[in-house]
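Below is one structure, written out as structure tokens; the observations come after it.
FYI, it's all coordinate maths here, none of it is from the lab. Everything quoted here is computed from the prediction, not taken from an experiment. As a convention, Cβ positions derive from the backbone with ideal geometry for all residues, glycine included, and neighbour counts pool all protein chains shown.
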Amino acid sequence: MKKLLLVTFVLLAALTHAQAPLQPAWVKIITPSNSVDAKAWSVTSSPEGHLYWSTNQPNFSPLIAQKLYKLDTAGNSLWTTPGIYDLHQDNKSFVVREKDGIVYTAGKSCYCIHLNQVCCDLSLVAWNAMTGDTLWSRTYDVFGEYEECDGLVIEDSSIFLTGWARDSGATWFDVLLMETDLSGNVLWQKTWDEGAGMDEKQDGHIFIDNTHIFCTGVSQVPPSPALLTSGFKGEATIWKFDRTGNYVDHKTWGYNTGSPLEFDDALGMASDGTNMFAVGAVSPGLFNSQWFIRKYDKNLNLIWQDEWGGSGGEDGRAVALGPLGNIFVAVNTFSYGNSGKIALLKYSPAGQLVAFYLYGSDSLKETAQDIIYFQDALYISGNKISATSGKQEPLLIKVDLSSLVNTGVVSGYAGFTLEQNVPNPAQAYTQIRFTLDAPGKVELEVRDIQGQLVSPPIKGRFAAGQHRIQLDLSQVAAGNYLYSLKVSDRRFTRMLNIVK
């Protein structure tokens, strides 16, 4: 870029910083009878107005059983499964879906757990939605050592599953994709490996349209023991495959600092049918993780991104899309109080954080695993530490949307708004506008889609209010670029298109 010119800035009144305690409509907590750790994972809804909540609870310590709950929207239990378990197996479900009167859970079934070996098959179970009876149960052994499922989509005539798998004797994992019929019979299965003996793991929900499968996770992770010495634990990733599991494209992001404590992972995803919203954590080191949310189109072009971390670290765990294009993110935060809390974030369609709520005590840890929007309410599946037993207990929270008002941003969160550049697409010049809630140090970068700086960053201290920066693009080639505004520990990114 030839030059970046600060043309003018206009001061406006500073906005307020606020955070609010979450006020649930109800909270359901499951206390296992044998005082052993249990865990909730996924929650889903049905057109009939019911909720299905997937948990893993011990039956014969240390063995774990899948246990599924059917609830009404008032939190009343309609039935509970006795749990799928075997005296010699460890069974866990990570995702639940319902279609046409059948509830499906998917996860893993482990038949050997030793110090140096874990033998697990991907599991898929179908339940009668009226009674909770098991209709059928399948396990899938792809490689011979380890398989698990984290993504599940039920269509009219088939079931799509994604996860990760490892070959017997190997030290790395591959992304796993499968399609079965509605009885669980395999139609095809594929794995994807980036090569060089690296780990790739698919995490969180998936999205499928008429032509492609989209999923998120982590890639480029060196396997043990190289993981301990390489100083690199991979990058958060979004993948695109065709509907028969053939690789099409992927994008990665993360710090890649070389720290042996770095961790970057895309843990959840949702789609409005046109765009994907990925959430997760990026971290340059221990206790320094930051949540992120990134909006992509179907060509895996980044549209906007928000990222922030407090003093204790956080991770974006799951995302749900609500009415009027609003986006809700369930975050695990360790920056408030002496233990972990659940943060509920509300974003506008343009990517502006408009509400920040906290749930949890200052002494007992609460964490989120999943979030859905259903009938004017949000449901957050998670876990808490019991004050009496000290063990982990499944937790389900209902939040009425009517109880959520725009709070502004939390104290300590760098409050600013970065607008889309005008004009866009641009030719010779474009203008970038941003508004600061309070005075602060600002850094503006423009990079190409490979991540290379186009010119030196603009740095300076700016007053609270609105600012405009005009960019001279006359010497910049046509294409897509990313411009990022960093204030304190928060960074927001948008896409800039240049045409000639």
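A few notes on this one:
- Restraint check, LYS295/LYS346; LYS295/LYS441; LYS346/LYS441; LYS298/LYS486; LYS295/LYS486; LYS70/LYS346, Cα-Cα greater than 22 Å: LYS295/LYS441; LYS346/LYS441; LYS298/LYS486; LYS70/LYS346
- Candidate aspartates and glutamates - alpha carbon under 14 Å from LYS67, same-chain residues fewer than 8 apart omitted: ASP37, ASP86, ASP90, ASP133, GLU393
- For the range 22-403, size of Cβ-based charge dipole, Lys and Arg +1, Asp and Glu -1, in debye: 820 debye
- Taking a straight line from the alpha carbon of LYS365, these lysines sit under 17 Å away, with near neighbours fewer than eight places off in the same chain left out: LYS28, LYS39, LYS341, LYS384, LYS391.
- Within the shell defined by Cβ-Cβ distances under 11 Å, the residues around GLY322 carry a net charge of -1, with Lys and Arg each +1 and Asp and Glu each -1.
- Annotation: peptides 455-462, 471-478, 177-184, ranked by per-residue average of other Cβ atoms within 10 Å with the highest first, follow the order 177-184, 471-478, 455-462.
- Size of charge dipole - the range 398-500 - debye, nearest 20, with Cβ of Lys, Arg +1 and Asp, Glu -1, no other charges: 100 debye
- With a simple spin-label model that places each label point 7 Å from the Cα along the Cα-to-Cβ direction, the separation between SER403 and LEU182 comes to 3.8 nm.
- Partner aspartates and glutamates whose Cα lies under 13 Å from the Cα of LYS240, excluding those fewer than 8 positions away in the same chain, are identified as ASP209, ASP249, ASP297.
- Net charge of neighbours whose Cβ lies under 9 Å from the Cβ of ASP156, counting Lys and Arg as +1 and Asp and Glu as -1: -1
- Residue-normalised convex hull volume from the C-alpha trace of the range 22-403: 135 Å³ per residue.
- Cα shape, the range 382-500, gyration tensor, a/c 1.5 rule: prolate
- With R₀ fixed at 30 Å, the C-beta to C-beta distance from LEU453 to ASP272 puts the FRET efficiency at about 0.40.
- Simple label model, 7 Å out from Cα along Cβ direction - ASP133 to ASN246, nm: 4.4 nm
- For the range 22-403, the residue among PHE328, SER109, TYR359 whose Cα projects farthest onto the positive side of the dipole built from Cβ charges is TYR359.
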